[in-house]
1. Could you tell me which of A:Y254, A:N225, A:Y274 has its Cα farthest along the dipole of the protein assembly as shown towards the positive end, charges placed at Cβ (Lys, Arg +1; Asp, Glu -1), taken about the Cα centre?
2. How many Cβ atoms of partner chains, on average, are near each residue of B:22-29 if near means within 10 Å of its Cβ?
3. Mind running the shape call on chain B? Use the C-alpha gyration tensor, a ≥ b ≥ c as the square roots of the eigenvalues: rounded below 1.5 for a/c, prolate if a/b tops b/c, oblate otherwise.
4. What's the center-to-center distance, using Cα atoms, between segment B:231-291 and segment B:375-445 in Å?
5. Starting with the highest mean, order B:389-396, A:125-132 by the number of other Cβ atoms within 10 Å, averaged over the residues of each peptide.
6. Please label the shape of chain A as rounded, prolate or oblate, based on the square roots a ≥ b ≥ c of the eigenvalues of the alpha-carbon gyration tensor (a/c under 1.5 means rounded; beyond that, a/b larger than b/c means prolate, else oblate).
7. Which of the peptides B:312-324, B:254-266 is most tightly packed, and how do the rest follow, judged by the mean count of other Cβ atoms within 10 Å per residue?
8. Which entries in the list B:K216/B:K445; B:K255/B:K326; A:K261/B:K88; A:K261/B:K2 go over 26 Å, if you measure between the two C-alpha atoms of each?
Amino acid sequence: MNYAMIFQTLGYGMVVEAGLMLFSLFISLFHREFDGAIAIGITIASLLAVGFALSRIRTKSRQFYARDGFAVVTLLWLIFAAFGALPFVISGAIPNYVDAYFEIMSGFTTTGASIILDLDAIPRGLMFWRCMTQWVGGMGVLVFMLAVLPMSNDSSMHLMRAEVPGPTKGKLVPRMRSTAVTLYLIYVAMSIIQVILLCAGKMPLYEAITYTFNTASTGGFFVTNSAIAGYDSIYIEVVITVFMLLFGVNFYCYYLILTGKWKRAFANEEVIWYFGIAIGMMILIAVTAIPKEGSFWKALRYSSFTVSSLMTTTGFSINDYNLWPQVSRSLIIFVCLLGGCAGSTAGGPKTSRLIIMWKSLLRELRLMIRPRSVEQVRMDAKPMEEDTIRGTVYFMIAHMFILAISYFLVAFDNLCPEDTVSAVISCLNNVGPGIGVVGPAGSYASLSYFSKVVLTLDMLLGRLEIFPILLSAMALTKRIRSYH
Amino acid sequence: MKIVIAGDGKVGFSVAEQLSQEGHDLTMIDNRSETLRDSINQLDILCVQGDVCNVDVQMEAGVDSCDLLIACTSQDETNLLACMVARKLGAAQTIARTRNPQHTSMIAYLQEELGVTFTVNPELSAAQEISRVLRFPAAMQIDTLFGGNIEIAEYKLAEGNPMIGEKLMALPHLQKGNVLVGAVQRGDTVTIPRGDFEFREGDIATVIARPEEMAKFCASIKILRNSARNVMIVGGSRIAYYLAQELSRMGMHVKIVDIDRARCLELTEMLPGVQIVHGDGTDQKVLLEEGLLETDGFIGLMGNDEQNLILSMFASYYGVEKVIAKVDHMNYPEILRRTGIETIVSPKDLTTNSIVRHVRAMQNTQGNNVEAMRQLVRDQAEALQFIVRSSFDYPDVPLMDLPLKPSVLIGAIQRKGRCFIPKGRDTIREGDNVIILSGRDYQFKDINDIFQESGRK
């Protein structure tokens, strides 16, 4: 492994994080929250000190292989969260470091699971940082670095590969760096549109920006205790519903639309399935929730928000769906298992994986009947590579194993089985809230530290799609070494 | 520039590798997803899987808005078709790799009618490269224009050179008008010489000529003492054909050894002046019998790299002066140089180089009418290639009557695929390809820029 190069990249990453924190520092000073400002200042100073020291490391070779890329991504995310949690601990807003780390990892991984019980007590500067972590984590920390730093070389694909979700990793344009810039431009433009639309709905600017951060990244942190339901505005709910769904769409489609290739954008098979599943589940859950809500339209209002929130793994809620009938609640857990499109900011297993699994399963069944027939799994009318299918299957297997192991570990918290399952699913798929104790009305605060550590790891595993972490863990424990 | 490469083979990959480092935006098209995956893992490029000739695939790769399409699959026809499709879609320029001599001989037609800007023939470039190595000392700089039909050589007049002290117009070969001295560097100044220019020791002269004239010229001014006379080629491949043709045109005695009787017969037909030997080239006895000891140039051109190398080592052991081996796959130049083999010629590398050079020239000439550009004498002067269009100011005016700016020379003209060094009475016609030599400070953008303002119509 090229350790010098890895540490140098980490150094650059820390400098970038310090730069991002400056925004929160300004907000703190603007609102005269000096405790928060000092805490953020100390963090920025330490980030800069360590970051500059690391970026000075001399590299013998600039060669970067896949394993180096995975190690950088994993370490960078761990470090980002480690330093990102510091301001909360220093200022005393979240006194315990494990809690703060959970909260910030939940931010960067765009999970949105929170241990904060009283949101209004958090200083605005720190709250801004908490929401900003989501926005940056949504499109990817490294993708951001690739876009802003002149570090792109031929091997930078290894970096992006680890961070951009989905079974196939495509570039929009030939150059890695232009791809990263294009992705962020689309991301920023859509975020700005959302801020404007939210402001038009009489939401204060600060809240509009922070809620946009949390929507765009499909993160789902609430900003105020009264939450989104507190605005009591159907307009705001609709705007957020629509944008949650839009940010769960593969960004490649937006690029196609921007370059005038409408036809190809709208013919994208994954996007069609994605909207199909979303609308189907909205109606289904609305029907099952009629007994509680009274009318279909009222139920549809809540269910459409809830489904687009949970399917895109955002995790906002405007009602306590814990009070819905059992069938609705069960379906809600199911929705949490779906995820958005590949190449979007959403988490979860991704629609395209589900399509691939479904189609290859059907092929497998057909092959059992007619063993000699030759068939290919097709997506967007193009044959899928067998490697991609195999990768998808193994991803789902790994996903299941991690769910099972986490369930086993969190089980020691003595929650009811349903709550345990939903907490684990919710964190691993970066959704945020679950059912019961960790439901929309509850929080993760009551869990034991051990469970919080397990769930923190789950969030990171989910966001980086499992393999980078497993691989770098293996590489760092020298398991893989013997093969290289 | 936005460049699309069709064909992710050895050449395609190494072209992509070079051009990606030079900062171009590359998209690769190929049918094989595995090779594409390898490429995308190693290079910062975009890959599109599909048939290189397919319109939809080309559109997906963005050919309609690209500056250049490079077709380098192993099939000539595929390459040419891909280029034609790309031109129709709107690619600004196209390069095709063609290896069939039939296709190579119709370069002019391909350029004018099918819109293929540039063709590269790996075997032909390899033959030309080998021929240069045989004819010139390694220190001499040689560059080519018009697809190898015109050579530009730069060399230093060392002590004892017969040109020293002579006036330019007094040199016998120059008078015949077949060789042109394009630029001379003396100290830090570069001049485009006129007839009364006198050569001094230490001058670096740039000479332009067709390959066979260049050899005669070099021999006449005795800068070459060790140009090979007797050449033995083992392996009757396509390169051997091109090479034997060129070498025998220059008056060298060429012998080709090949193991396949049918191929030998074919070669005898195609190469009348060349001695063809039917025998096993890997057999020491055959080689010695055919006079290995009397040859001063040995070239291993068999299909197998290892055999070429071993044979070349054998030849250099027997004291053959110039030994050249063709290598396709292996590339360990450091080790091979120690074995006494003077030169390794790799068709793949040559193809890559000439494509990359073309792209660089394209980049230098973007936004003007310059077709190609070569920098001469350490970038102090340049050779520019223009196509003469109907807008040309002085059609059919003899060169000696043209009001050229000072330090400008008409270096060479290519008319309907035939190249020549123009004389005073020659004229420039529409459709000609013209090489202009000029000082660096001019920066011509159009062929009409070479004339004095006052003289313009």
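1. A:N225
2. On the way: counts 0, 1, 2, 4, 2, 3, 1, 0.
That average works out to 2.
3. Working: a/c = 1.81, a/b = 1.06, b/c = 1.70.
Cα axes put chain B in the oblate bin.
4. Centre-to-centre distance over Cα atoms comes out at 39 Å.
5. Listed from highest to lowest mean packing, they are A:125-132, B:389-396.
6. Numbers: a/c = 1.39, a/b = 1.03, b/c = 1.35.
Rounded is the answer for chain A, as its axis ratio a/c remains below 1.5.
7. Details: B:312-324: 19.5, B:254-266: 17.8.
Highest mean packing first, the order is B:312-324, B:254-266.
8. Details: B:K216/B:K445 35 Å; B:K255/B:K326 17 Å; A:K261/B:K88 20 Å; A:K261/B:K2 19 Å.
The answer is B:K216/B:K445.
Each value in this text was obtained by applying a stated rule to the coordinates, not by laboratory testing. Everything numeric here is computed off the predicted structure, so don't read it as measured data. Because the Cβ atoms are built from the backbone with ideal geometry, glycine has one as well, and the counts that use them run over all protein chains shown.
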